[in-house]
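The next block holds one structure in the form of structure tokens; read it before the comments.
The values are calculated or read from the model by the stated rules, or taken from the named source; none is laboratory data. The model shown is predicted, which means the values in this text are computed figures rather than measured ones. Cβ placement follows ideal geometry from the backbone for every residue including glycine, while neighbour counts extend to all protein chains displayed. Side chains included, ligands, DNA and RNA excluded: accessible areas come from the protein's heavy atoms. Shrake-Rupley method; radii C 1.70, N 1.55, O 1.52, S 1.80 Å.
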Amino acid sequence: MKSFEQLQAQLGHALALNKPGVGVDHVLVALPSFSIAETLLSHYASRLPALEHRYLVSHLMLHRIRACELVFLSCQTPGQEILDYYTSLVPTQRRDGVRARFRMLTVPDDTPRSIAAKLLDRPDLLEDLRTSFAGRPVFIEPWNVTDLEVEVAMRLGAPMNGTAPALWPLGYKSAGRRLFTRAGVPIPLGREDVRTVGDVVDAVTAIREAIPAAPGVVIKHDNSGAGDGNVVIDLRQVPSRRAAAEELRARVTSLPDWYLRDLRAGGVVEELVAGDWFASPSVQLEVSPYGEVAVLSTHEQVLAGETGQVYVGCRFPADPAYSADLARYGRAIGEQLASHGVVGRLSVDFAAACDLTGRWRVFALEVNLRKGGTTHPYAVLRNLVPGRYDAELGQWLASDGTTRSYCATDNLVDQAWLGLPPAIVIRAVADRGLQFDHRAGTGVVLHMLSCLAIDGRFGLTAIGRTPEQAAELYEATKSAVNGAI
């Protein structure tokens with residue numbers, strides 16, 4: 001039995017095969033394993049199968065990389081109409097080969113646990129999967145990597161295109177602020193390693209003394225994602241007199257018990273970045289097993305929730321006013337992380353603010369050492385409109401030199417859609433002429449369709465030649481589904 005480090009030494013060779021035209025048979029195991037805090041798992045429990053199914057769009061890779069077999073792991077089998085739908089999006093002459101090289105492995109278990117944890121309870125499935133590799137090179141694409149995913153990798157004898165669990169704390173909010181500073185990337189005024197109510201009050205007081213006009217602060221758990229560990233305190237409602245500390249203490253103390261309990265593990269307090277115009281962009285990076293850093297894309301994140309801290313979607317690419325800065329900062333951060341041994345996909349979230357003079361300021365907020373909400377829309381674009389992201393121009397350049405943009409979400413939700421069969425949604429989009437057309441290189445790709453049965457929710461990626469066309473396709477899809485009810 002190899003150690004995990006020895007196993008990971010095989011990753012570079014396996015990844016090199018996963019490119020168009022290489023022609024060496026190999027296996028990619030998609031492991032959308034959400035190994036996250038129990039509080040988050042319980043929150044998403046009913047939606048876990050649908051969240052796993054977001055990454056079924058990896059199916060679209062198979063028409064480009066014809067020597068790859070894709071094994072997709074999930075706790076629930078998607079309907080055949082969904083798999084047929086993804087096959088229908090690729091050129092007709094390649095569909096039979098795509099069907100033959102896609103394999104679904106279901107671990108039937110509806111407990112609120114990651115698919116890795118469930119798979120480890122089924123040594124028979126693990127052994128059957130390992131045997132099916134038949135000596136071919138193989139690697140695993142995980143959502144994130146904890147000890148559970150490492151154990152799956154060890155049992156399968158397959159390296160993992162992701163960062164080892166020992167390095168996971170590099171993605172904590174406090175560690176991120178220190179890393180950004182070393183990389184020379186601007187950060188909001190704030191304080192790391194807060195754990196108690198007193199720590200938070202002291203940090204807020206210091207921010208307010210330094211920036212009297214600060215509109216608010218954000219408290220963040222070190223180890224959290226998608227904005228779920230973030231709480232905003234509006235300082236405009238807190239008096240600046242001596243009583244401010246007491247009121248701040250009362251507000252923080254009134255936070256839910258679970259929030260204060262998780263805060264004891266560490267967190268940060270930062271100024272709430274604000275301006276006459278505000279945006280929440282991000283940059284997506286890939287670090288190779290050899291430490292090479294690639295800037296894959298930049299996005300504008302769409303945030304919602306009571307305090308505007310929860311990720312619900314994205315637009316690609318980011319605003320050209322600062323997209324080149326995002327790429328430059330992202331590369332510097334990626335190089336810092338690569339020097340520690342980080343591997344695979346990651347993203348960095350930023351805040352961008354502009355004043356009336358038109359000057360934008362960009363601040364790094366956090367590192368996500370995992371895949372996320374921008375991963376699968378990017379995969380849709382890359383696999384259906386092959387090309388490259390030009391970091392200086394801030395544009396996707398297709399192989400014919402044309403550009404592409406997209407709008408994407410996993411959170412189109414309407415109670416009227418609850419229980420709507422996926423086939424109805426697929427047909428509604430196709431009947432309106434919105435479905436992705438590989439000849440035009442534009443159109444809509446649906447995902448997370450199994451969530452319609454849970455809470456009337458689904459996702460989509462709308463690809464256009466311009467941001468305006470992408471937005472029009474996005475809105476037209478909502479209209480089409482409403483018209484199908």
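Couple of notes before you dig in:
- Efficiency of FRET from Cβ geometry, Gln6 and Gln415, R₀ 35 Å, rounded to 0.05: 0.10
- Accessible area, probe 1.4 Å, largest first, for residues Ser254, Ser35: Ser254, Ser35
- Calculated mean residue ellipticity at 222 nm for the chain: -9500 deg cm²/dmol, from DSSP H runs with n ≥ 4 weighted as -39500 (n - 2.57), summed, divided by the residue count and rounded to 500.
- Look at the alpha carbon pairs under 8 Å that are at least 6 residues apart: their mean separation over the length of the stretch 347-424 gives a relative contact order of 17 percent.
- Taken per residue, the accessible surface of the stretch 154-304 reaches 43 Å², heavy atoms only and a 1.4 Å probe.
- On the chain, 51 percent of the accessible area sits on carbon and sulfur atoms, based on a 1.4 Å probe.
- Counted charge near Leu272, where neighbours are those whose Cβ lies closer than 11 Å (Asp, Glu -1; Lys, Arg +1): -2
- Under 12 Å, Cβ to Cβ, from Asp355 - net charge with Lys/Arg +1 and Asp/Glu -1: +1
- Partner lysines for Lys220 [C-alpha distance under 26 Å; skip if fewer than 8 residues away on the same chain]: Lys173, Lys371
- Shape of the stretch 198-302, Cα gyration tensor, a/c cut at 1.5: prolate
- With K and R counted +1 and D and E -1, the other residues having a Cβ less than 10 Å from that of Glu141 yield a net charge of +2.
- DSSP-loop chymotrypsin sites (Phe, Trp or Tyr not before Pro) across the stretch 83-145, with at most 15 other Cβ within 10 angstrom: none
- Qualifying GluC sites (Glu not before Pro) in the stretch 247-355, where qualification requires a DSSP coil assignment and no more than 13 other C-beta atoms within 10 Å, comprise Glu292, Glu306.
- Residue-normalised accessible area of the stretch 1-100, given per residue in Å² at a 1.4 Å probe: 41 Å²
- With all protein chains kept in place, the per residue accessible area of the stretch 341-381 amounts to 27 square angstrom at a probe of 1.4 angstrom.
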